[in-house]
2 protein chains.
Amino acid sequence: MGVPPDPASGLTALLPEGAVLTDPDVLAAHSRDHASTCPAGVPACLVRARTTEQVSAVLRYAHEHRIPVVPQGARTGLSGGANAVDGAILLSLERMTAILGIDEENQIATVEPGVVNADFSRAVAGKGLFYPPDPASWEMSTLGGNVATNAGGLCCVKYGVTADWIRGLEVVLADGRVLRTGRPTAKGVAGYDLTRLFVGSEGTLGVVTKIVTALRPAAGAPQTAIAFFGDIGSACATVTDVMTGRLRPSMLELIDPIGLAEVSRERDYGFPPGTDTVLIAQSDSSAENTAVLGGFTAAAERNGGQALVADGPEEGKLFLAARRSVGLVLEKRGAMLSDDVCVPRTRLRELVAGVGELSRKFDVRIACTGHAGDGNMHPAIVFDAADPDETRRANEAFEAVMALGLDLGGTITGEHGVGALKANWLERELGPVGLDVHRSVKTTFDPRSILNPGKVLTRF
Amino acid sequence: MGVPPDPASGLTALLPEGAVLTDPDVLAAHSRDHASTCPAGVPACLVRARTTEQVSAVLRYAHEHRIPVVPQGARTGLSGGANAVDGAILLSLERMTAILGIDEENQIATVEPGVVNADFSRAVAGKGLFYPPDPASWEMSTLGGNVATNAGGLCCVKYGVTADWIRGLEVVLADGRVLRTGRPTAKGVAGYDLTRLFVGSEGTLGVVTKIVTALRPAAGAPQTAIAFFGDIGSACATVTDVMTGRLRPSMLELIDPIGLAEVSRERDYGFPPGTDTVLIAQSDSSAENTAVLGGFTAAAERNGGQALVADGPEEGKLFLAARRSVGLVLEKRGAMLSDDVCVPRTRLRELVAGVGELSRKFDVRIACTGHAGDGNMHPAIVFDAADPDETRRANEAFEAVMALGLDLGGTITGEHGVGALKANWLERELGPVGLDVHRSVKTTFDPRSILNPGKVLTRF
């Protein structure tokens, strides 16, 4: 059984008018996510699904005809997980945007996968509730995409990742059957935890069509503090001191010397002379802010830094502006490979120092900012894509950063996902037995290998 | 290929002296857990494993010869999950009791599965750390058993269940291969979440031989409050008010009218006249205790109850004694079927009222105490096992309680597990697609159906 010449016609007959698109410009615009250096194929068509039944119809058809399907949300991913493969049906969930219910008393909500994180966060905030997961893309990325990649963010250090806030899912399986996982209750151990299996599986095991999230009461307005260090080791020691304390900041971010030099070239943030590394902390609990930020500034000073607490929300935003601008500033400098290693917190110093060495070894700029409280850093390799030798060195440095993360007892991806970008590296992290088990699970859920092929696993 | 006549001899040749036991008294003593009414088979032998390699040798042998293997910890489970099946190898992990490491700075620990929860909790407490999961069996049950059943407890209402504290596992697969899942880092999305798939799988997918747990800084000494109500509806309304507030108690337990009558027959707790239902709350954060317990007593009074905060740890223990004694008192009355339904918190009132109706309908006593803050109740059906008609009615009531839980949008098991006791009921909760997927997962991990057969799934 070969691939039929035109899945678009087959699907057009099954779906409402306008749901199947083949315009080459539209397809090109939907063929890749934000992983700019990751290859993408040429898809056969784009389907904009509006209902579970339509998703089911697409998968039944694709399963029958063995056509690859690439599920997509807002394509803000950073690992090529939503990138097209040749001949694929791009299955967009972006039009499934209903917030189906917010249950204030049980503190749960049911949403469709195309709901944008920020829209949802604002809707629950309007009811005095809080959905914590806050990936940097939250103004654009969809909850379905957040679930597919198990997205993290700034507030993970206090509130955990997306998976920690998902109670249950509706998932269309590869053959079009509709599975419901989990339950709306606070606890439950009836059967295997399929919810967690789908969260973070990057569209390779099924397509999520409904999401039941947990919520919590609204947090307080965040208060911010900043600390300046003359060396990165003192900053890392401060991170350990803060994180082993009883009170948890709602954010704990680090800017390394290279990142700091880059942002300081754009704007004078007024950092004290001799500042080499910066930590920024927030607390969002009015009862604890004084204790949390007091603990942070005391730890910074004990480790030789200078620290101050913002005297209001405006100054707090300014402290955070430097951290937020690193990515934008680097993007101006050239092409960028964004890495995402996560190490045990106590190895943070070795990670940042090691990245600095790799920067020198491969002669490319690597800024190493990130979620220091979780040991999850985003070494960003900036290079001139027009220079083949520099591009080669950048790619080698990108791989060397992952090797360093693994050597330090960490992982190749803390929150961005494996996608197409790191599928070759997953084998190294999992080892042969782990990889075999992954392949078995993939084959169990997707026996014809139609779901997002080439992502997460290269072969199965 | 038939079952060889004597797995004990085969295994004796592979394992150290004394590891394989066949004494009928020893086997009988190891043939069942605490689910007293659940049937158990006659095993072929008991293996006391001390190393991963020994577990691997047992499973390789069992896989080759297609012999059922029943993994066991301390056999304190309540669903027959550790009960023998005919001809099985009972594979005890109780002798794997090493705490392999407590990493204070990264707040993680690595332990063997036979470590008793209380021993581990005390070991980490000695370092100023805290492992929250606290099933009622914590003085006896092992961490391996806690992982196998995804054990809950009193403090879930604030700290979550066992799964929330497991970072990674070493698991021996059905064919003897050794798999490592997860990672020691705070975050990580490389590959599928196999850790969560094994947690709560009750020994049907693999045998856990090492556990990496997360830890947190020690909590404060708990402070306790109690509230007395003239009707259960007011108590349930108080639960909703407390749980939708910003501050979370570390415990929120309910004693229903039948349970209250039973414990009051044994001892006068001095509850005010007209008390029908009792709530007991704790808080374990010195910074928040006043606010949490103040919120609790205010909510109770707003809903027509009377409330008081214990004036010290001794009075706090007394408040809790009534709750803790319910089970012991009921066990004196006769045989007991302990149920474990969990419903959305707002359905708690209907659950408790419905259980009262079932008690009348089936003419059996059913006390309905439990973890009200999570909507997870333990209706306990007391009956005379020597009376066949009462036994029949008790069993019917047991099933009717699960049906009620499902009708209220809940689950048949909040924390005890499916085991052998509820395997027939799992199908009803999962539905046909969910059941099919469960069977596929089971077959993927255990193609010869040797791992704890008849538990969780009846057929696969």
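The values are calculated or read from the model by the stated rules, or taken from the named source; none is laboratory data. This is a predicted model, so every value here is computed, not measured. Glycine gets a Cβ as well: all are built from the backbone with ideal geometry, and neighbour counts include every protein chain shown. Ligands, DNA and RNA are stripped out before the accessible areas are found, and what is left, the full protein with its side chains, is counted by its heavy atoms. Shrake-Rupley method; radii C 1.70, N 1.55, O 1.52, S 1.80 Å.
Let's see how each residue does on (1) within 27 Å of A:Gly417 (Cα to Cα); (2) over 17 Å from the mean Cα position of the chain (by Cα):
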site: B:Arg122; (1), (2): no, yes
site: B:Asp134; (1), (2): no, no
site: B:Ser141; (1), (2): no, no
site: B:Gly144; (1), (2): no, no
site: B:Gly182; (1), (2): yes, yes
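Answer with yes or no whether B:Tyr192 is more than 9 Å from chain A (Cβ to nearest Cβ) and either out of contact with any Asp or Glu (no Cβ under 7 Å at 6 or more places or on another chain) or open to solvent by 10 Å² or more (accessible area, probe 1.4 Å) (or both). Considered against the rule, which asks whether it is more than 9 Å from chain A (Cβ to nearest Cβ) and either out of contact with any Asp or Glu (no Cβ under 7 Å at 6 or more places or on another chain) or open to solvent by 10 Å² or more (accessible area, probe 1.4 Å) (or both), B:Tyr192 comes out as no.
One residue stands out among those in the stretch B:426-435 that are open to solvent by 30 Å² or more (accessible area, probe 1.4 Å) and more than 8 Å from chain A (Cβ to nearest Cβ): the one that is farthest from the chain's Cα centre (by Cα), which is B:Pro432.
Return yes when A:Gly356 is at pLDDT 95 or above and either in contact with a Pro (Cβ under 8 Å, 6 or more places away or on another chain) or open to solvent by less than 10 Å² (accessible area, probe 1.4 Å) (or both) and no when it is not. The answer is no for A:Gly356.
Contact annotation: residue pairs with Cβ atoms under 8 Å, 6 or more positions apart or on different chains, pairing a residue in the stretch A:428-454 that is touching a residue at least 24 places away in the same chain (Cβ under 8 Å) with a partner that is buried (at least 19 other Cβ atoms within 10 Å of the Cβ) and acidic (Asp, Glu), are A:Asn452/A:Glu202. Residues that are surrounded by fewer than 23 Cβ atoms within 10 Å (Cβ to Cβ) and assigned to a loop (DSSP other than H, G, I, E, B) within the stretch B:379-425 comprise B:Asp384, B:Ala385, B:Ala386, B:Asp387, B:Leu408, B:Gly409, listed in sequence order.
The residue list A:Leu21, A:Leu27, A:Leu11 contains one member that is at pLDDT 95 or above, open to solvent by less than 10 Å² (accessible area, probe 1.4 Å) and farther than 30 Å from A:Glu390 by Cβ, which is A:Leu11. Taking the listed residues A:Val161, A:Val157, the one that is crowded, with 24+ Cβ neighbours inside 10 Å and in contact with a strand residue (DSSP E or B) (Cβ under 6 Å, 6 or more places away or on another chain) is A:Val157, with no other qualifying. Applying the condition of being assigned to a loop (DSSP other than H, G, I, E, B) and open to solvent by 10 Å² or more (accessible area, probe 1.4 Å) to the stretch A:108-130 and asking which residue is nearest to the other protein chains (Cβ to nearest Cβ) yields A:Gly128.
Applying a threshold of 9 Å to beta carbon distances and a minimum spacing of six or more residues, or different chains, the list of pairs starting in the stretch A:387-416 at a residue that is within 14 Å of chain B (Cβ to nearest Cβ) and ending at one that is surrounded by fewer than 18 Cβ atoms within 10 Å (Cβ to Cβ) and among the basic types (Lys, Arg) reads A:Met402/A:Arg428; A:Ala403/A:Arg428; A:Leu406/A:Arg428; A:Ile412/A:Arg428. Being open to solvent by 10 Å² or more (accessible area, probe 1.4 Å), over 25 Å from B:Val172 (Cβ atoms), small (Gly, Ala, Ser) and assigned to a helix (DSSP H, G or I), is that true of even one residue in the stretch B:367-378? The answer is no; no qualifying residue exists.
Being open to solvent by less than 30 Å² (accessible area, probe 1.4 Å), assigned by TED's automatic domain parsing to the domain that holds A:Thr52 and either of a type in the set (A, V, I, L, M) or assigned to a helix (DSSP H, G or I) (or both), is that true of even one residue in the stretch A:75-87? Taking every residue of the stretch A:75-87 in turn, at least one turns out to be open to solvent by less than 30 Å² (accessible area, probe 1.4 Å), assigned by TED's automatic domain parsing to the domain that holds A:Thr52 and either of a type in the set (A, V, I, L, M) or assigned to a helix (DSSP H, G or I) (or both). Is it fair to say B:Ala136 is assigned by TED's automatic domain parsing to the domain that holds B:Asp103, at pLDDT below 95 and surrounded by fewer than 21 Cβ atoms within 10 Å (Cβ to Cβ)? Yes, satisfied. A:Phe319 meets each of the listed conditions (1) at pLDDT 95 or above; (2) in a helix (DSSP H, G or I); (3) open to solvent by less than 30 Å² (accessible area, probe 1.4 Å) apart from (1).
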